[in-house]
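FYI, it's all coordinate maths here, none of it is from the lab. Note that this is a predicted model, so its numbers are computed, not measured. Every residue, glycine among them, receives a Cβ derived from its backbone with ideal geometry; neighbour counts consider all protein chains shown.
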Amino acid sequence: MPNGAPTDSAQAEPLPRRLRRAAFVDRDGTLNPDFHYLADAARLELYRGVPEGIRLLREHGYLVICVTNQSGVERGLYTAEDVDRIHARLNEMLRRSGAEIDAFYYCPHAPERGCACRKPGTELFTRAAHDWAIDLPSSAMIGDRGLDVRAGERLGMLTVFVPQMGHVGEAEAELRVEGLRPDLVAPSFRGAVQQLLTRG
Ligand SMILES: [Mg+2]
């Protein structure tokens, strides 16, 4: 006699994975001063307010995903291992303040290659969305360049432009030339997070 366990009832459908929203963040010029082809993790510095901003994003339920162009790899200026070391150190610095970046995605190619992963290409974002079950339209992109705004726009995300200190005029001219209109403009990463969270 069977022990009574139902064997012929339909299996319950697995619940769809709940989608999350993400704050995509650029790296150089957004989280840290852009030293142009940073190769040495020991030289990495964070802008003031970045750890607090990232901690706030996560406390408000955002995944924090860093998407960065690192053409220095294909140009032979540094290696993929150097990039990994920089990202490990970045998170080590953030963890001291109770913050952390959930994942890093980078494009190693030179622009001439015309790949789909170099921003403003969107491939790294869609890959992250797949890996982390992210709802792109309810996500945001924070960055210091027109290509960050362009990538965010292409995916229907809220775009937050944070021009590097000292490069405000240059950055705004870039936006004008490219006909880009970010949803929010902030004076600092911390300010960008504040505006994003206020906007909901
Ligand atoms: Mg940048």
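A few comments on the model shown:
- Using only side-chain charges placed at the Cβ, +1 for Lys and Arg and -1 for Asp and Glu, the dipole size of the stretch 22-199 relative to its Cα centre rounds to 220 debye.
- Working from Cα pairs under 8 Å separated by at least six residues, relative contact order for the chain is 23 percent.
- Top of R176, R48, R85 by mean-square fluctuation, Gaussian network on the chain, Cα under 10 Å: R176
- For the chain, the residue among P51, A129, Q195 whose Cα projects farthest onto the positive side of the dipole built from Cβ charges is Q195.
- Amide proton proximity set for V25, modelled H, under 5 Å, gap of 5+: I65, C66, V67, I142
- Between L31, L63, A80, the Cα set farthest toward the positive side of the dipole of the stretch 22-199 (charges on each charged residue's Cβ, about the Cα centre) is that of L63.
- Distance cut-off 32 Å, percentage of C-alpha pairs in the chain lying past it: 18
- The packing ranking, built from the mean of other Cβ atoms within 10 Å per residue, places the peptides 158-164, 74-80, 18-24, 128-134 in the order 158-164, 18-24, 128-134, 74-80, highest first.
- Ranked packing of 52-59, 30-37, 89-96, most packed first, by mean Cβ within 10 Å: 52-59, 30-37, 89-96
- For the chain, C66, C115 stand unpaired, since no other cysteine beta carbon lies under 4.7 Å from theirs.
- Segment D40..W132, full-extension length gain: 30.2 nm, with 0.36 nm per residue of separation and the alpha-carbon distance subtracted.
- Percent antiparallel among DSSP beta bridges (both partners in the chain, rounded to 5): 0
- Other-chain or far-sequence residues with amide H under 5 Å of L155's (modelled H): none
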